[in-house]
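Data first, discussion second: the structure below is written as structure tokens.
The values are calculated or read from the model by the stated rules, or taken from the named source; none is laboratory data. In this text the structure is predicted, and so the values were computed from the model without any measurement. Note that we place each Cβ from the backbone using ideal geometry, even for glycine, and neighbour counts take in every protein chain shown.
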Amino acid sequence: MKIAVLPGDGIGPEIVTEAVKVLKALDVPLEMETALVGGCAYAAHGHPLPEATLKLAKAADAVLFGAVGDWQYDKLERHLRPEQAILGLRKNLGLFANFRPAICYEQLVNASSLKPELVAGLDILIIRELTGDIYFGQPRGRRTATDGHFPGSDEAYDTMRYSRPEIERIAHVAFQAARKRNKKVTSVDKANVLETFQFWRDVVAEVGQQYPDVALDHMYVDNAAMQLVRAPKAFDVIVTGNLFGDILSDEASMLTGSIGMLPSASLNASNFGLYEPSHGSAPDIAGKGIANPLATILSAAMMLRFSLNQADAAQRIEAAVQAVLRQGLRTGDIYSNGTTLVTTVEMGNAVVKAL
Ligand code: IPM
Ligand code: MG
């Protein structure tokens, strides 16, 4: 099985190195090939998503992705910024379904910023639509103009849109996922203000009629943001659009102790997937060897399960992660009194040893 490995910028290379180390320790035949993506690809080839990188990803059985983005590229025109690499991969590969599970491991109950009783046993799944919404509408503004300015205008805008098929397919994904869990879907929208999300609500409700065994409720996004920190365990599956899903998944990650713990899978209609931590490139801590590699290691486990049909290997990785947490090993983001502070590399080595 061929894996395209795209480490990217910032802490990307450090955390991906640890995930690759873990994958190599398994007895699964994997061929891994690495390519540049994001700011480093722009620096080397003049484009954040070079043709060769996209080709490698398309030819692979799955993609393991680190993170992209660095302040030094903030002034570039929109289409050359590092973030365009991941957006381009999602769009080009048709990765419309983004799974972001938020699970609070027993050992990390005290690392969460919420009271232990609110997060103990937490296991929710955010399903974020990933190739539509305001992320892929028509933008207009200074950074979309080729000379860096948008002459004659003092405004900028983006357009939010969803089509019926886009909503239907992500709704089906959510209901089917809920069937394998606690049979509850909360669809998050802003139907009280936005036409796009009134349509979203209507279409999700229609699809829901095909799943009478799954409970469906609708929630406005502002309320959902509040409920996530008030009573997160009341949720099972949350399905939402691209922008709200981006925001709510960062919020949900803190329930698990740290954003450094949250893996993700982005799938297309045939279960081809790109696997990446939900966090970003964290340029402020890049190169220091202190980033938490567990979100990426857990993303590699999701890759084995969803795209490579290796559920046993996935489970071994997840068990190994729990074992190192039980041993008390912690990177800085999940450190608390009485635990052992380790580096990125030490954490990766410990997972390999636990395997
Ligand atoms: C994420 C990230 C990306 C997004 C950025 C890097 C484009 O925040 O995967 O959540 O907004 O989708
Ligand atoms: Mg995000």
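Does segment 136-159 include one or more residues that are farther than 26 Å from Gly88 by Cα, out of contact with any Cys (no Cβ under 9 Å at 6 or more places or on another chain) and modelled with pLDDT of 95 or more?
No, segment 136-159 contains no residue that is farther than 26 Å from Gly88 by Cα, out of contact with any Cys (no Cβ under 9 Å at 6 or more places or on another chain) and modelled with pLDDT of 95 or more.
Taking segment 285-301 as the search range and keeping residues that are buried (at least 23 other Cβ atoms within 10 Å of the Cβ), of a type outside the set (S, T, N, Q) and touching a residue at least 60 places away in the same chain (Cβ under 8 Å), which one is nearest to Ile11 (Cα to Cα)?
Ala291
For Ser113, work out the one condition from (1) within 30 Å of Thr196 (Cα to Cα); (2) touching a residue at least 12 places away in the same chain (Cβ under 8 Å); (3) not β-branched (Val, Ile, Thr) it doesn't fulfil.
(1)
List the helices (runs of 4 or more DSSP H) inside segment 1-107, counting only whole elements, that have at least 2 residues being under 22 Å from Gly245 (Cα atoms).
83-92
Read through the list (1) within 16 Å of ligand 2 (Cβ to nearest atom); (2) more than 24 Å from Ile259 (Cβ to Cβ), then give the number of the only condition that Pro101 fails.
(2)
Looking at the structure I just gave you, is Ser281 touching a helix residue (DSSP H, G or I) at 6+ places or on another chain (Cβ under 7 Å) and within 16 Å of ligand 1 (Cβ to nearest atom)?
Here the answer is yes, as Ser281 does meet what is asked.
Taking into account only those residues within segment 60-84 that are within 17 Å of Thr296 (Cβ to Cβ) and within 15 Å of ligand 2 (Cβ to nearest atom), which is surrounded by the fewest Cβ atoms within 10 Å (Cβ to Cβ)?
Gly69
Can you tell me which residue within segment 336-355, out of those that are touching a residue at least 40 places away in the same chain (Cβ under 8 Å) and in contact with a strand residue (DSSP E or B) (Cβ under 8 Å, 6 or more places away or on another chain), is nearest to Thr17 (Cα to Cα)?
Of all residues in segment 336-355, those touching a residue at least 40 places away in the same chain (Cβ under 8 Å) come to 336, 343-345, 347-349, 351-352, 355.
Next, from what is left, pick out any that are in contact with a strand residue (DSSP E or B) (Cβ under 8 Å, 6 or more places away or on another chain): 336, 347.
Values: Ser336: 25, Met347: 12 Å.
Out of the qualifying residues, it is Met347.
Would you mind stating whether Arg90 is touching a residue at least 40 places away in the same chain (Cβ under 8 Å), exposed (fewer than 15 other Cβ atoms within 10 Å of the Cβ) and assigned by TED's automatic domain parsing to the domain that holds Ala291?
On the way: touching a residue at least 40 places away in the same chain (Cβ under 8 Å): yes; exposed (fewer than 15 other Cβ atoms within 10 Å of the Cβ): no; assigned by TED's automatic domain parsing to the domain that holds Ala291: yes.
When the stated conditions are applied, Arg90 does not pass them.
Given (1) over 29 Å from Ser113 (Cβ atoms); (2) in contact with a Phe, Trp or Tyr (Cβ under 7 Å, 6 or more places away or on another chain); (3) not acidic (Asp, Glu), identify the lone condition not met by Lys190.
Lys190 satisfies all of (1) over 29 Å from Ser113 (Cβ atoms); (2) in contact with a Phe, Trp or Tyr (Cβ under 7 Å, 6 or more places away or on another chain); (3) not acidic (Asp, Glu) except (1).
Can you tell me how many residues within segment 217-269 are under 19 Å from Met303 (Cβ atoms), more than 15 Å from ligand 1 (Cβ to nearest atom) and hydrophobic (A, V, I, L, M, F, W, C)?
Qualifying residue count for the region: 1.
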